[in-house]
1. In region A:54-81, which residue that is farther than 14 Å from A:T20 by Cα and β-branched (V, I, T) is modelled with the lowest pLDDT?
2. Being at the interface with chain A (Cβ under 9 Å from one of its Cβ atoms), within 30 Å of A:G63 (Cβ to Cβ) and either in contact with a Pro (Cβ under 8 Å, 6 or more places away or on another chain) or not in a helix (DSSP H, G or I) (or both) narrows it down to one of B:L17, B:L11, B:L25, so name that one.
3. Look through B:R36, B:R94, B:R86 and report the one residue that is basic (K, R) and more than 14 Å from chain A (Cβ to nearest Cβ).
4. Residues that are modelled with pLDDT of 95 or more, more than 16 Å from DNA strand D (Cβ to nearest atom) and at positive phi: does region A:26-38 have at least one?
5. Please enumerate the residues belonging to region B:11-34 that are in contact with a strand residue (DSSP E or B) (Cβ under 8 Å, 6 or more places away or on another chain), touching a residue at least 24 places away in the same chain (Cβ under 8 Å) and either surrounded by fewer than 21 Cβ atoms within 10 Å (Cβ to Cβ) or not hydrophobic (A, V, I, L, M, F, W, C) (or both).
6. Starting from residues that are at pLDDT below 95 and part of a loop (DSSP other than H, G, I, E, B), keep the ones in region A:82-103 and report whichever is farthest from A:L11 (Cα to Cα).
7. Consider only pairs whose beta carbons are under 7 Å apart and that are at least six residues apart or on different chains; among these, list those whose first residue lies in region B:77-103 and is of a type in the set (K, R) and whose second residue is outside any strand (DSSP E or B).
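The values are calculated or read from the model by the stated rules, or taken from the named source; none is laboratory data. These numbers were taken from a predicted model, which means no experiment stands behind them. We place every Cβ from the backbone using ideal geometry, glycine too, and count neighbours over all the protein chains shown.
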There are 2 protein chains.
Amino acid sequence: MKDSEKDYCPLAYTMSLIGTKWKPLALFHLIPGSMRSGLLQKKMPEISNKMFTQTVRELERDGLISRKVFPVVPPKVEYELTGKGRSLEDILQRLDKWGSEQS
Amino acid sequence: MKDSEKDYCPLAYTMSLIGTKWKPLALFHLIPGSMRSGLLQKKMPEISNKMFTQTVRELERDGLISRKVFPVVPPKVEYELTGKGRSLEDILQRLDKWGSEQS
DNA sequence: CCGTATCCCTAATGATACTG
DNA sequence: CAGTATCATTAGGGATACGG
C-alpha cells in the first residue's frame, strides 16, 4: 500500500499486513513459541499447501515472523515471531477473545 | 463459517466478520458517532460504490452497525455502531495505533 | 520434510450506467 | 442522495505433481 494511504489511516496499513484469512491464525499459533513448518501447517488443517507457503512468505517479507532453516536431513524449518510480530500478540489475543464472546 | 471452526479458533470467526480491506475502516470511522451514508463513503475515497454498499450491508447483517432510513427527499441514510460493533472499538483503536507505530 | 510449479476455477473487486 | 444492475477484470484459492 502507498504511504499516503498509511498516513491517511494507519488501520488500513495494519489490515494490509494481517487482514487475510490465514495470517492472523498463523501468528496466533506462533505466540507460544517457535514451531516447525509442518506442525504450524497442521494447526491450520484447512489451509492448502500453496496458501500456507504464501502466507508464511508474506509474513516473513513483512517482518512479522522469521524463518530458520536447519541444514539437516530430512529438512527442518522453524518459524518464530519477530519483535514486530510479538507486538501484535495482545491484539491477536483480543481478537480471539472477542470471537469467543459472540453468540 | 461453520460453528466447528469457530470453536476451533474464535480468532478465525472474528476475522470472518471484519477481516477485509474495508470493514475495519468503516467501523473505525463510525466510532465518533452515527454518520450519513455519503459522508462515510467520502471517508474511504478509494472504495467503489459497489464495495461500499456491500460492506455496509454485511456489517449490518452481522449486527455490527445499524442502518436508519429517513423518509425525506432527497433520501437520507445514517449508519451507526451497534452494541456489538462498539465492543470492537478498543480493538480497532489498537489496530490503528499499531499501524501508526510501524516504520 | 519442505517447498515450488502448474493448471484451473471461483470469488472478489472495479467501472459504468441507471433507478427510486 | 442512495442504491442497484451489469459487464469485465483480477486476485484468491485448491489440486496435483515434481524437485532440493
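1. Residue satisfying both the conditions and the ranking: A:V73.
2. B:L11
3. B:R36
4. Yes, region A:26-38 contains at least one residue that is modelled with pLDDT of 95 or more, more than 16 Å from DNA strand D (Cβ to nearest atom) and at positive phi.
5. Across region B:11-34, the qualifying residues are B:I31, B:G33, B:S34.
6. Across region A:82-103, the extreme among qualifying residues is A:S103.
7. Pairs found: B:K84/B:G63; B:K84/B:L64; B:R94/A:I91.
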